[in-house]
1. Of all residues in region 38-71, count the ones that are hydroxyl-bearing (Ser, Thr, Tyr) and either touching a residue at least 40 places away in the same chain (Cβ under 8 Å) or not in a loop (DSSP other than H, G, I, E, B) (or both).
2. Considering only region 72-86, I want to know if a residue exists there that is at pLDDT 95 or above, assigned to a strand (DSSP E or B), more than 10 Å from the chain's Cα centre (by Cα) and surrounded by 12 or more Cβ atoms within 10 Å (Cβ to Cβ).
3. In region 22-37, which residue that is out of contact with any Gly (no Cβ under 7 Å at 6 or more places or on another chain) and not small (Gly, Ala, Ser) is surrounded by the most Cβ atoms within 10 Å (Cβ to Cβ)?
4. Have a look at ALA42, ALA13 and point out the one that is surrounded by fewer than 12 Cβ atoms within 10 Å (Cβ to Cβ) and either out of contact with any His (no Cβ under 6 Å at 6 or more places or on another chain) or of a type in the set (Gly, Ala, Ser) (or both).
Amino acid sequence: MQFMVEYTITPEARNEVQALFKATGGMPPAGVELLGRWHDYASLKGYMLCETVDPVGIAVWCQDWTHMMTFNVVSVVDDEQMAGVMG
């Protein structure tokens, strides 16, 4: 399953988040593949596309950052998968 993760950094945590990201790369735990990450340079938001068979891994990953950021996680499908749904 693929998931789009939208994140928002709290303004007071911006420097802490940036330092931790530079130090760790912000990579997900084993079992979650990060397919892409995009940063909105004009705000404190961004997006990550992930793939996993166990969404609990995404919850664990987000939990490590929730003291500094908020997350919105949505299950998504691509065009080919949606075409199959439409029949």
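1. 3
2. yes
3. LEU34
4. Working: ALA13 fails: surrounded by fewer than 12 Cβ atoms within 10 Å (Cβ to Cβ).
Of ALA42, ALA13, the one residue that is surrounded by fewer than 12 Cβ atoms within 10 Å (Cβ to Cβ) and either out of contact with any His (no Cβ under 6 Å at 6 or more places or on another chain) or of a type in the set (Gly, Ala, Ser) (or both) is ALA42.
The values are calculated or read from the model by the stated rules, or taken from the named source; none is laboratory data. Treat the numbers as computed from the prediction; the structure is a model and nothing was measured. Note that each Cβ is placed from the backbone with ideal geometry, even for glycine, and that neighbours are counted across all protein chains shown.
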